[in-house]
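Read through the structure below, which is laid out as structure tokens, and then see the notes.
The values are calculated or read from the model by the stated rules, or taken from the named source; none is laboratory data. Bear in mind the structure is a predicted one, so any value in this text is a computation, not a measurement. So basically every Cβ, Gly included, is an ideal-geometry build from the backbone, and we count neighbours across all protein chains shown. Only protein heavy atoms, including side chains, enter the accessible area calculation; ligands, DNA and RNA are left aside. Shrake-Rupley method; radii C 1.70, N 1.55, O 1.52, S 1.80 Å.
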Amino acid sequence: DTGVSQNPRHKITKRGQNVTFRCDPISEHNRLYWYRQTLGQGPEFLTYFQNEAQLEKSRLLSDRFSAERPKGSFSTLEIQRTEQGDSAMYLCASSNFRTSGIYEQYFGPGTRLTVT
Amino acid sequence: DAKTTQPTSMDCAEGRAANLPCNHSTISGNEYVYWYRQIHSQGPQYIIHGLKNNETNEMASLIITEDRKSSTLILPHATLRDTAVYYCIVRPRISSGSARQLTFGSGTQLTVLP
């Protein structure tokens with residue numbers, strides 16, 4: 001399967017614990033995005049990588065959140081000192097820049113985080 | 001990016017065409033209309049995009065009005081597997097340095113009924 005994969009698919013953690021999620025994008029895609037989705041809402045942008053460089057971060061990304069994409073391949077999203085408000089689906093997407101300026105993003109299945 | 005307005009929910013009988021409307025009255029000349037859908041417990045899936053001409057692919061057709069202030073996504077023969085939230089998104093062409101993340105609204109919950 002050459003789609004975007006995310007692990008784990010589900011994570012239950014206690015408030016105050018740290019969690020880390022992984023995203024493996026489509027292999028030739030140089031752009032990688034993280035989104036967060038709460039119940040009944042559309043996904044909200046968190047951060048964006050072009051190759052290994054993190055080029056943009058949303059104001060939603062508090063200091064407790066950090067993302068990396070070493071070597072421009074897979075990416076990790078870490079949440080430190082989790083809070084109940086962090087409970088959400090965390091989605092990863094990847095794409096390739098095209099000179100046409102038109103492109104679609106391919107999403108993974110998401111990681112559902114529940115903070116108890 | 002221009003704001004879009006979609007109905008909260010719609011029903012469609014299986015086998016019939018599903019027509020999902022979207023208003024984007026503030027769309028500018030360089031902005032495209034994209035449609036994504038999200039089946040329950042899955043990530044969003046790209047469906048189609050267009051600028052001003054009608055577009056068709058294996059999944060759907062996109063009809064954009066002449067003034068470009070609204071569009072309709074058409075699923076010609078809806079099946080139960082088309083039950084999903086459908087998002088209409090307006091965004092410009094991207095340049096090499098811009099992120100151009102997708103800005104999702106609440107979308108339309110389409111329920112295909114047997």
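Quick notes
- Remark: accessible area buried at the B-A interface is about 1900 Å², both chains counted, probe radius 1.4 Å.
- At a probe radius of 1.4 angstrom, the accessible area of the stretch A:41-116 per residue rounds to 45 square angstrom.
- Charge sum, other residues only, whose C-beta stays under 10 Å from A:Ala93's C-beta, Lys/Arg counted +1 and Asp/Glu -1: 0
- Any cysteine of chain B lacking a neighbouring Cys Cβ under 4.7 Å - listed by number: B:Cys12
- Kirkwood-based shape ratio for the stretch A:1-68, expressed as Rg/Rh from alpha carbons: 0.96
- Charged-residue dipole, Cβ positions (Lys, Arg, Asp, Glu), chain A about Cα centre, Debye nearest 20: 340 debye
- Chain B - charge dipole about Cα centre, Lys and Arg +1 at Cβ, Asp and Glu -1, debye rounded to 20: 280 debye
- Only protein atoms count toward the accessible area here, which uses a 1.4 Å probe; on chain B, the carbon and sulfur part of that area reaches 48 percent.
- For the stretch A:22-53, accessible area lost to neighbouring protein chains reaches 50 Å² or more, against the chain alone with a 1.4 Å probe, at A:Pro43.
- Interface residues, the stretch B:34-77 - accessible area loss of 20 Å² or more versus chain alone, probe 1.4 Å: B:Tyr34, B:Tyr36, B:Gln38, B:Ser41, B:Gly43, B:Pro44, B:Tyr46, B:His49
- Share of carbon and sulfur in the accessible area of chain A stands at 44%, probe radius 1.4 Å.
- For the stretch B:11-94, the extents of the C-alpha atoms along the principal axes are 36, 25, 21 Å, listed from largest to smallest.
- Total charge dipole magnitude, the protein assembly as shown, about the Cα centre, Cβ charges on Lys, Arg, Asp, Glu only, Debye to nearest 20: 520 debye
- Contact order normalised by residue count of chain B, Cα under 8 Å, 6+ apart, percent: 36 percent
- Annotation: per residue accessible area for chain B equals 50 Å², rounded to a whole number [probe 1.4 Å, protein chains only].
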